[in-house]
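Take a look at the structure below.
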Amino acid sequence: MNRRTFIKRSAIALAGASLSRFDFITVAAAPKRIIIIGAGMAGLSAGYELTQLGHDVTILEARPRPGGRVHTLREPFSDGLYAEAGAARIPDNHDLTLKYVKLFNLPTEPMYPANLSALRFEQGSMRQVPMTGFTEALGRNFGDELGGAPSRFVKIKGGNDLLPKAFAAKLADKILYDSPAVKIDQDEKSARVTFSRKGKPETLSADRILCAVPFSLLRNVVMPANFAEKKLAAIRDLKYDAVSRVYLQTKKRSWEEKGLNGFAFTKDAVEVWQPTWSQPGPRGIIMTYARPGEAEKIAALKESDRINSTLVQLDPMFPGLRGNFEKGTSKIWMEDDWSRGAWAFAGLGNLVLFAQPEGRIHFAGEHLSFFSSWIQGALDSSARAVKQINEALYTTHR
């Protein structure tokens with residue numbers, strides 16, 4: 001049983017015990033001050049919901065942008081073309097994700113093209129298959145959640161980063177960018193976060209703190225002296241998966257002339273996408289999506305070698321690719337200073353452990369959800385944290 005299948009079955013088995021929605025939340029009698037560390041999807045959605053409940057929220061974000069690992073690349077591409085560096089697919093059963101997409105009136109479109117053929121490595125060679133053959137390979141290799149009918153999956157038209165940008169627009173005066181947290185402390189009366197801003201330390205106080213960043217970053221934040229050792233160990237030891245993506249821009253989509261839609265599944269279990277299949281203009285982008293095992297090999301190369309080796313790999317599959325190649329780039333999530341990995345699943349025991357706050361400190365993130373590695377996971381964990389924080393404040397101050 002692979003990891004995704006295990007997580008999905010566990011989620012079904014334990015769904016009855018999961019507080020994953022905002023139902024029956026009571027507005028706190030005395031709205032309080034809350035600091036959220038991280039403006040990824042968990043932090044943004046928590047900030048939005050807590051603000052809706054009347055609380056005073058401040059979000060500290062290390063990056064100069066919102067969204068975390070929901071990141072759409074628009075540079076260095078031409079003609080307004082774009083491709084996803086992080087979360088790309090939205091399955092039709094990810095209700096929380098689709099709830100917010102609808103709330104912010106963001107248009108969606110199919111993730112996969114209905115026309116032309118994909119490629120799949122089978123029986124020793126690359127063969128043309130319909131898109132169902134591509135998603136079948138994904139399901140077989142990476143779990144049921146990625147399989148099934150291609151029509152199950154959508155993306156946000158214009159780029160998935162429009163979702164975090166929509167949250168951020170609602171929270172504009174509440175987000176401090178380029179402000180990484182460096183220390184958390186607390187006592188019986190309040191909690192405090194020290195963060196770096198313009199090279200100088202600043203400290204904010206609050207009634208509650210929500211840590212909504214990956215453990216790969218939280219392990220670098222100084223925690224209170226009495227912080228539970230078991231939680232410290234879990235934060236320190238959680239391993240994040242490597243993901244590498246390489247992007248090749250071409251002056252025309254020559255593969256379409258040969259009946260190919262730009263999607264493929266290789267013998268090394270690397271996905272190949274054409275994110276521009278639904279975007280206007282003659283230019284196109286072909287990109288690779290490598291997971292652990294292959295991702296580290298790409299990460300070990302220099303940028304120019306990543307692009308050249310990907311050209312060598314894909315040119316035989318997509319006629320005219322090398323001849324029409326214009327420029328390329330890559331995204332290596334292990335090298336990202338504010339992620340240090342693509343995703344992680346904390347495990348069943350740690351989901352129970354971090355479901356309980358550490359004094360005034362709460363936790364959220366895709367790593368603390370059965371939907372780990374998805375936008376849905378970040379939102380699911382955030383929903384539980386919001387309910388917990390609000391009820392703690394309501395109980396304390398009613």
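Remarks
- Percent of alpha-carbon pairs separated by more than 16 Å within region 131-212: 70
- Normalised per residue, the volume of the convex hull around the Cα set of the chain (Å³): 139
- With an a/c value of 1.5 or above and a/b not larger than b/c for the gyration tensor axes a ≥ b ≥ c computed over the alpha-carbon atoms, region 196-251 is described as oblate.
- Tilt relative to the chain, helix 131-142 - C-alpha long axis, 0 to 90 degrees, to 10: 50
- Net charge contributed by nearby residues that have their C-beta within less than 14 Å of residue 103 (K/R +1, D/E -1): +2
- Shown for 100, 177: other C-beta atoms within 10 Å of each C-beta, ranked fewest to most, produce the order 177, 100.
- The modelled label-to-label distance for the pair residue 251/residue 230, using points 7 Å beyond Cα in the direction of Cβ, is 6.4 nm.
- Were the residues from residue 170 through residue 198 laid out at 0.36 nm apart, the gain over their Cα-Cα distance would be 7.7 nm.
- When its C-alpha radius of gyration is set against 2.2 N^0.38 Å (N residues), region 271-372 gives a value of 1.49.
- Normalised by the number of residues in the chain, the average gap of Cα pairs under 8 Å and 6 or more apart makes the relative contact order 23 percent.
- Gain on full extension, evaluated as 0.36 nm per residue between residue 30 and residue 144 minus their Cα-Cα distance, stands at 36.6 nm.
- FRET efficiency for residue 177 and residue 312, using Cβ-Cβ distance with R0 set to 30 Å, rounded to 0.05: 0.15
- For the pair residue 65 and residue 190 in one chain, pulling the backbone fully straight at 0.36 nm per residue adds 42.1 nm over the alpha carbon distance.
- Anchor residue 157: lysines whose Cα lies under 30 Å away (excluding residues fewer than 8 positions away in-chain): 8, 99, 102, 165, 170, 174, 251, 252, 258, 327, 331
- Label positions at residue 337 and residue 99, each projected 7 Å from the Cα along the C-beta direction, are separated by 3.5 nm.
Every number here is computed from the coordinates shown, using simple stated rules; none is lab data. This structure is a prediction, so every number in the text was calculated from the model and none was measured. Here the Cβ is made from the backbone with ideal geometry for all residues, glycine too, and neighbour counts use every protein chain on show.
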